[in-house]
Amino acid sequence: MSVKVTLKDGSVIEFARGTTVGEVARAISRRLEKDALVGEVDGKLRDLSYPLNEDASVHILTFEDPAGRDAFRHTTSHILAQAVLRLFPDAKLGIGPSIETGFYYDFDVAQPFTPEDLERIEAEMAKIVAEDYSIESFTLPRAEAIALMEERGEPYKVELINDLPDDAVISFYKQGEFVDLCTGPHLPSTGKVKAFKLLQAAGAYWRGSEKNKMLQRIYGTSFPKKSQLDEYLAALEEAKKRDHNKLGRELELFTTVDTIGQGLPLLMPKGAKVLQLLQRFVEDEEERRGYLITKTPLMAKKDLYEISGHWDHYRDGMFIIGDDDQEEEVFALRPMTCPFQFMIYKSKLRSYRELPLRYAETSTLFRNESSGEMHGLIRVRQFTISEGHIICTPEQLEEEFRGVIDLIDYMLNTLGLREDIWFRFSKWDPNNKEKYIDNPEAWEHAQASMKAILDRLGLEYEEAEGEAAFYGPKLDIQARNVHGKEDTIITVQIDFALPERFDMSYVDRDGAKKRPLIIHRTSIGCYERTLAMLIEKYAGALPTWLAPTQVKILPISDNHLQYADELAAKLRAHGIRVETDKRSEKIGYKIREGRLERVPYLLIIGDKEVESQSVSVRCRREGDLGSMPFSEFVHKLIHEVEAKAR
């Protein structure tokens with residue numbers, strides 16, 4: 001008996017019934033057999049040992065395929081767990097998935113892991129790889145599965161089994177003495193993992209909940225070749241140099257203080273100046289494009305959030321002031337501005353002739369993020385956003401949406417971030433009734449409308465079910481930080497629900513009252529997060545127009561201070577941000593300090609410059625420009641700033 005196997009290129013080959021996925025790879029080529037990690041059989045991931053007993057479509061996956069890479073790294077996480085249990089027999093296993101940059105595994109241990117522990121664990125992992133254990137899967141009935149994990153002293157695995165559906169197939173993987181609850185797939189043996197590195201250990205709550213016990217999480221990464229690992233580790237070191245959390249503090253842009261609280265950064269004068277520059281840039285451009293600025297309260301009674309739906313769908317993410325149980329007025333700090341701007345719209349009867357109305361606000365918002373999510377300026381509890389809402393007729397929707405995308409494109413291009421982003425079309429999950437407003441017909445119509453607009457705009461995007469806002473689909477603009485973590489930096493949302501909830505209307509041409517549509521949008525997103533991205537993008541060397549200090553004057557001695565002060569006054573008169581280093585230090589030291597501070601221009605002032613009324617210019621980007629008339633330097637600098645050159 002034979003089976004027909006359809007390969008990725010569409011060709012069909014007959015094999016004997018029972019042929020494994022790995023044997024299919026060998027039949028295709030010896031090279032593919034060597035590189036094969038797992039297979040995809042009729043769309044489902046399978047081990048290479050999986051037998052083919054009927055006709056099927058088979059794709060052989062290597063490390064170049066995301067699913068193949070996941071299987072490689074998930075296998076490495078099992079090797080890590082096996083090594084930990086050998087060295088720490090009392091450790092209890094949590095979970096150990098692959099992640100985008102590698103893998104991790106959570107352990108319940110008596111003491112946190114030290115760097116020395118990680119070295120020992122790595123050495124033990126190398127032994128397990130050398131021992132080249134065959135990796136085999138098996139299934140058990142629920143009662144036997146629970147008994148096995150109880151016998152092995154794994155309470156977290158027992159909890160996971162108990163949470164599985166009654167009809168779930170409970171599968172395990174075994175390598176040597178190690179057994180783990182796992183759905184797979186995995187590599188055929190531990191010897192396939194040639195290069196790996198444990199990167200760090202950190203605390204992590206079981207199942208991500210602060211109500212649960214804190215476990216110890218070990219992060220690592222792995223590759224088929226040592227050269228690939230070395231390349232990744234070199235990139236990781238470069239990323240650490242660009243990490244905004246490190247650079248932002250070194251450059252005195254922001255700091256944090258434990259007594260103030262997690263997720264509440266302090267913007268220092270230099271960082272505050274950058275945010276002020278960004279805010280002016282955004283507000284001026286929005287005004288040029290027809291936006292009307294608003295200024296609304298930082299808090300409101302819960303009544304407003306009950307109308308909007310935030311009280312039902314977003315309450316856990318809000319900071320509440322007051323107590324419902326005490327029958328007193330309850331307020332909440334605002335997590336977004338839309339309900340406030342809608343009330344401005346409702347302040348009078350509106351005509352179709354007034355639409356579209358474009359409201360914009362530089363909004364300080366508050367969101368009760370969990371402590372484990374806090375990270376520098378990327379994820380904070382108080383932040384400022386370039387928020388806006390366009391209230392329009394259905395006929396105006398596409399043109400206004402196009403205008404929003406054009407604005408965002410302009411902002412990102414100007415900041416130099418455009419090449420680093422991609423688009424995600426975030427849709428609702430019809431099976432999640434609690435997360436979303438329950439109006440399937442409206443959801444499908446809104447999503448179809450947004451998809452049609454995106455396609456006509458020619459945007460390339462990926463789709464993500466279950467990532468929509470609770471009141472409508474959205475276009476998310478995604479980016480990664482230097483460590484590879486993905487974040488949404490800007491959103492554009494089409495809202496069909498809140499106009500109804502707020503009873504918003506306009507009088508149309510025919511005299512009838514109709515519901516408007518709303519586009520929720522930001523132009524550069526959260527200012528703090530944008531600053532973090534800029535620090536990492538430019539390694540702290542912000543473009544001249546955004547640099548908190550654009551020019552630093554370095555007098556060689558006290559004899560040159562008067563001329564330095566005169567130059568500083570003239571530069572300030574031209575709107576240039578300037579500092580003068582008046583310390584009694586050698587000029588070489590001052591130059592090195594200026595470079596470390598990433599100042600775009602250093603002006604060195606000595607006898608020659610005083611006598612000729614010139615300046616000696618060191619440019620961060622172009623190097624030593626030599627001596628030039630002061631007026632020539634000012635002209636060059638102003639032109640660079642006005643052009644917003646990068």
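Quick note: the coordinates plus some simple rules give every number you see, no bench work behind them. Please read these numbers as outputs of a predicted model, since none were measured by experiment. Here the Cβ positions follow ideal geometry from the backbone for every residue, glycine too, while neighbour counts run over all protein chains shown.
Hey, how many Å between the Cα centroid of region 300-356 and the Cα centroid of region 545-604? Centre-to-centre (Cα) distance: 49 Å.
To the nearest 0.05, how large is the calculated FRET efficiency for Glu116 and Met268 if R₀ is 30 Å and r is the Cβ-Cβ distance?
On the way: r = 37 Å, r/R0 = 1.22.
For Glu116 and Met268, the calculated efficiency is 0.25.
Axis angle, to the nearest 10 degrees, between helix 527-537 and the longest C-alpha principal axis of the chain: 80 degrees. Taking loop as defined by DSSP and a crowding limit of 15 other beta carbons within 10 Å, which GluC sites (Glu not before Pro) in region 74-172 fit? Passing both the DSSP loop test and the Cβ count: Glu100. Once you have a ≥ b ≥ c as the square roots of the Cα gyration tensor eigenvalues for region 67-226, tell me rounded if a/c is under 1.5, and otherwise prolate or oblate according to whether a/b is larger than b/c. In terms of gyration-tensor shape, oblate. Put the Cα centre of region 1-61 next to the Cα centre of region 211-243 and the gap is 33 Å.
Projecting the Cα atoms of Gly43, Val274, Gly484 onto the charge dipole of the chain (Cβ charges, centred on the Cα centre) puts Val274 farthest toward the positive pole. Between the alpha-carbon centres of region 180-199 and region 383-445 there is a gap of 40 Å. The simple spin-label model puts a point 7 Å past each Cα toward its Cβ; for Thr364 and Arg142 those points are separated by 5.3 nm.
Between Glu462 and Ala573, how high is the FRET efficiency from 1/(1 + (r/R0)^6) when r is the Cβ-Cβ distance and R₀ = 45 Å? Nearest 0.05. Walk me through the intermediate numbers first.
Working: r = 51 Å, r/R0 = 1.12.
Efficiency, rounded to the nearest 0.05: 0.35.
Loop-resident trypsin sites (Lys or Arg not before Pro) (DSSP state other than H, G, I, E or B) in region 386-481 with no more than 12 further Cβ atoms inside 10 Å of their Cβ: Lys433.
A straight Cα-to-Cα reach below 21 Å connects Lys213 with the lysines Lys92, Lys157, residues fewer than 8 places away in its own chain not being considered.
Please label the shape of region 248-345 as rounded, prolate or oblate, based on the square roots a ≥ b ≥ c of the eigenvalues of the alpha-carbon gyration tensor (a/c under 1.5 means rounded; beyond that, a/b larger than b/c means prolate, else oblate). Judged from the Cα gyration tensor, region 248-345 comes out oblate (a/c at least 1.5, b/c at or above a/b). A simple spin-label model places pseudo-atoms 7 Å from Cα toward Cβ; at Lys433 and Glu14 they are separated by 5.3 nm. The alpha-carbon positions of region 2-62 define a convex hull whose volume is 66 Å³ per residue. Does the chain classify as rounded, prolate or oblate by the C-alpha gyration tensor (a ≥ b ≥ c root eigenvalues; a/c under 1.5 gives rounded; else a/b over b/c gives prolate, otherwise oblate)? Taking the square roots of the gyration eigenvalues as a ≥ b ≥ c, the chain is oblate. Of all aspartates and glutamates in the structure, those lying under 20 Å Cα to Cα from Lys636, and not within fewer than 8 positions of it along the same chain, are Glu566, Glu579, Glu609, Glu622, Asp624.
If one computes P(r) from the Cα atoms of region 88-147, what percent of pairs lie at distances over 19 Å? Could you put the intermediate results ahead of the total?
Details: 950 of 1770 pairs.
Roughly 54 percent, rounded to a whole number.
In degrees between 0 and 90, to the nearest 10, how far off the longest principal axis of the chain does helix 587-596 point, with axes built from Cα atoms? Computed tilt is about 50 degrees.
Charged neighbours of Asp508, selected by a Cβ distance under 15 Å, balance to +3 (K, R count +1; D, E count -1). Within region 294-375, the trypsin sites (Lys or Arg not before Pro) that combine a DSSP coil assignment with at most 15 other C-beta atoms in a 10 angstrom radius are Lys295, Lys346, Lys348.
Say the cut-off is 27 Å between C-alpha atoms; which of Lys537/Lys586; Lys433/Lys474; Lys211/Lys433; Lys197/Lys427; Lys241/Lys590 go over it? Lys537/Lys586; Lys197/Lys427, as the Cα separations exceed 27 Å there. Helical content of the chain, expressed as a calculated mean residue ellipticity at 222 nm, amounts to -11000 deg cm²/dmol (DSSP H runs of 4 or more residues, -39,500 (n - 2.57) each, divided by residue number, nearest 500). Cut-off 19 Å, label point 7 angstrom out along Cα-to-Cβ of Leu349: give me the residues of region 497-519 whose amide nitrogen falls inside. Zone members listed by number: 503-516.
If you line up the long axis of helix 142-151 against the longest principal axis of the chain, both from Cα atoms, how many degrees apart are they, to the nearest 10? So the inclination is approximately 80 degrees.
Residues of region 285-312 with an amide N closer than 18 Å to a point placed 7 Å from the Cα of Glu328 along the Cα-to-Cβ direction: 299-303. Measuring r between the beta carbons of Phe319 and Arg515 and using R0 = 22 Å, the FRET efficiency lands at 0.10.
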